[in-house]
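The values are calculated or read from the model by the stated rules, or taken from the named source; none is laboratory data. Bear in mind that the values here come from a model prediction, so they are computed numbers and not experimental data. Backbone-built Cβ (ideal geometry, glycine too); neighbour counts: all protein chains shown. Keep in mind that these areas ignore ligands, DNA and RNA; they rest on the heavy atoms of the full protein, side chains included. Shrake-Rupley method; radii C 1.70, N 1.55, O 1.52, S 1.80 Å.
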Amino acid sequence: MTQRERQLLEWIRENPMISQQELADKAGITRSSVAVHISNLMKKGCITGKGYIVRTDPYVAVVGGVNMDIGAVSAGALVARDSNPGHVTTSLGGVGRNIAHNLCLLGQRTAMVTVMGDDDFGRRVQENAKDIGLDLSAGAVLPDCRTGTYLYICGPDGDMALAVNDMDIYDRMTPDFLRQRLDFINGADLVVLETNLPEDSIRWLCDNCKAPILADPVSTIKAEKLRPVLGKLAALKPNRLEAELLSGMSICTREDAAQAARKLLDTGLGTVFISLGAEGIYAADRSGDTAWVPCARCTVANATGGGDAVAAALAARMVRGDSLAETARWAVGAGALACEAETTINPAMSWDNIETILNRR
């Protein structure tokens, strides 16, 4: 959806009986131009009938990063300061983009608030978004920046020897950048926030966002950005290490997980889903509900995409209004399904396939 279409749609929401001439006068364009935009909005399904019946399907807004991952694996032992034969792959990545991709596969209407460069990598991100139905209309292409890039080099055993990340572009996701998109963000049924944004931007968004926020800490280093805003979050999805950091205690047992959850909820946090890897998910909320969902049976091919799939399923089920236990159950299944693919994103991600995994004996 273009910026112009988004503006026209907002005016139509405010007054469904507004005429095309009135829209033209407000936008400073011709009535015939408005007619073209209205036609496009109807083709996209945003307007569904006479009298401008506006579709209000729930959508999730993911605020975060899109990266290009470049991986190199040497054929033999790595030799420093020399050219090593091997193979190199490129793939789309970024925690925010991966969560959004999984949401699209799960049939959830999803948009991203993000930035990318005016380069080949950025164009690949945009092409992929069209393919999977991801709305990037609230994002920005910055001609003076490079799309976020992560490069890693591994030995023949797959262990990483060196990595370089080029993520300076996310410094441009400033409070002012978010302020310009706040109406769109507030229109979401749920906002998924990850911590590649600057800390002051995270704080500003949590202070000003009216929609509920589900936050993914991403890593122990970046998780600290969430500490000042925990009490403003609807939900938090930390892994064991991130939960230990933010709660200030070790998690070795189920009782430890429950105590860590209580400490986090004491900050004012609404709900916490602690992802414990092979042990499943411990969930708790401020009403006193708790749930422990063991890990689903699966054959692990690549565990790197499990956490992003868990976050996506949590978001989708929260929008549906599922109970705490059901939300955690679907998230566990999504994580298991993701781990069965060799790629970070499992193209077979769907509710039916998740249910199949959950029903395994």
- prompt: Quick one: in the range 320-331, which of the residues that are among the hydrophobic types (A, V, I, L, M, F, W, C) and open to solvent by 10 Å² or more (accessible area, probe 1.4 Å) is nearest to the chain's Cα centre (by Cα)?
  reply: TRP330
query: Restricting the search to the range 235-248, which residues are part of a loop (DSSP other than H, G, I, E, B) and without any contact (Cβ under 8 Å) to a residue 60 or more places away in the chain?
result: PRO238, GLY248
- request: Please state which one of ALA284, ALA296 is open to solvent by less than 20 Å² (accessible area, probe 1.4 Å), in contact with a Lys or Arg (Cβ under 8 Å, 6 or more places away or on another chain) and closer than 21 Å to SER250 by Cα.
  value: ALA284
- request: Could you identify the single residue in GLY248, GLY187, GLY268, GLY231 that is under 26 Å from CYS104 (Cα atoms), open to solvent by 10 Å² or more (accessible area, probe 1.4 Å) and small (Gly, Ala, Ser)?
  value: GLY187
task: Kindly establish whether ARG254 is closer than 22 Å to TRP292 by Cβ, at pLDDT below 95 and of a type outside the set (S, T, N, Q).
output: yes
Tally of residues being under 16 Å from VAL115 (Cα atoms) and in a helix (DSSP H, G or I) across the range 180-201: 4
- line: Within the range 123-138, residues being in contact (Cβ under 8 Å) with a residue 40 or more places away in the chain and not in a strand (DSSP E or B) number 4
message: Can you list residue pairs whose Cβ atoms sit under 7 Å apart, with the first residue in the range 249-261 being free of Cβ contacts under 8 Å to residues at least 60 places away in the same chain and the second being among the basic types (Lys, Arg) and surrounded by 13 or more Cβ atoms within 10 Å (Cβ to Cβ)? Count only pairs 6 or more apart in sequence or on different chains.
response: MET249/LYS263; ILE251/ARG240
